[in-house]
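Data block below; observations after.
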Amino acid sequence: MKKTIKLKKNYEFKKILTKGKYYSGDYLDVFVRKSNFDINRIGIAIGVKIAKAVKRNRIKRLILENYRLLEDKFNNGYDIIFLWKKKKNIKEATFENIKQDVISILERIGMLS
């Protein structure tokens, strides 16, 4: 099992959002940037206007769990930020929907080995 570090600092998010490559799925937008580390770093952001804190945290947990289950299949050395799309309804956030979205996006990126 690999160890993934979470991105927490504002300057880390800004760096990836401005210099990273953008990929879009049905429910998630993903920004990816190659890093100098041998591990992946992940950040999850959901806007305040989308829902209240309880629902936002639930989506974050679903995204993180999907990533954790697929983590052994990923190539190392990337910074990844997952963003929930503003126009998608929060009620559509199921484990399976997010799983399919994460897999399809990461296959397009070429991170799955």
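A few notes on this one:
- Per-residue 3J(HN,Hα) values for segment 94-111, derived from phi via the Karplus relation 6.51 cos²θ - 1.76 cosθ + 1.60 with θ = phi - 60°, read 10, 4, 5, 4, 5, 4, 4, 5, 4, 5, 5, 5, 6, 5, 5, 5, x, 7 Hz in sequence order (x marks Gly and Pro).
- Residue among ASN76, ASN66, ASN36 with the largest mean-square fluctuation in a Gaussian network model of the chain, springs linking Cα atoms under 10 Å: ASN36
- Cα-based equivalent ellipsoid, segment 21-61: semi-axes from gyration tensor eigenvalues, Å: 24, 13, 8
- Working from label points 7 Å from Cα in the Cα-to-Cβ sense, the GLU71 to ARG33 distance is 2.2 nm.
- Principal semi-axes in Å for the chain [√(5λ), Cα gyration tensor, largest first]: 21, 16, 13
- Spin-label model, THR4 to ILE109: label points 7 Å out along the Cα-to-beta-carbon direction sit 0.9 nm apart.
- Pairs exceeding 20 Å between alpha-carbon atoms, taken from LYS49/LYS88; LYS34/LYS88; LYS60/LYS86: LYS34/LYS88.
- Set of segment 12-48 residues, backbone N closer than 18 Å to the point 7 Å along the Cα-Cβ line of ARG58: 27-28, 45-48
- Relative contact order (percent, whole number), the chain, Cα cutoff 8 Å, 6+ residue spacing: 36
- What the phi angles of segment 33-43 give under the Karplus curve with 6.51, -1.76 and 1.60, with θ = phi - 60°, is a coupling list of 9, 5, 10, 8, 8, 8, 10, 8, 10, 10, x Hz, glycine and proline written as x.
- Only the Cβ atoms of Lys and Arg (+1) and of Asp and Glu (-1) were treated as charged; on that basis the dipole of segment 5-109 about its Cα centre amounts to roughly 680 debye.
Each value in this text was obtained by applying a stated rule to the coordinates, not by laboratory testing. Remember, it's a predicted structure, so these values are computed and weren't measured experimentally. With ideal geometry, Cβ positions are generated from the backbone for all residues, glycine too; neighbour counts draw on all protein chains shown.
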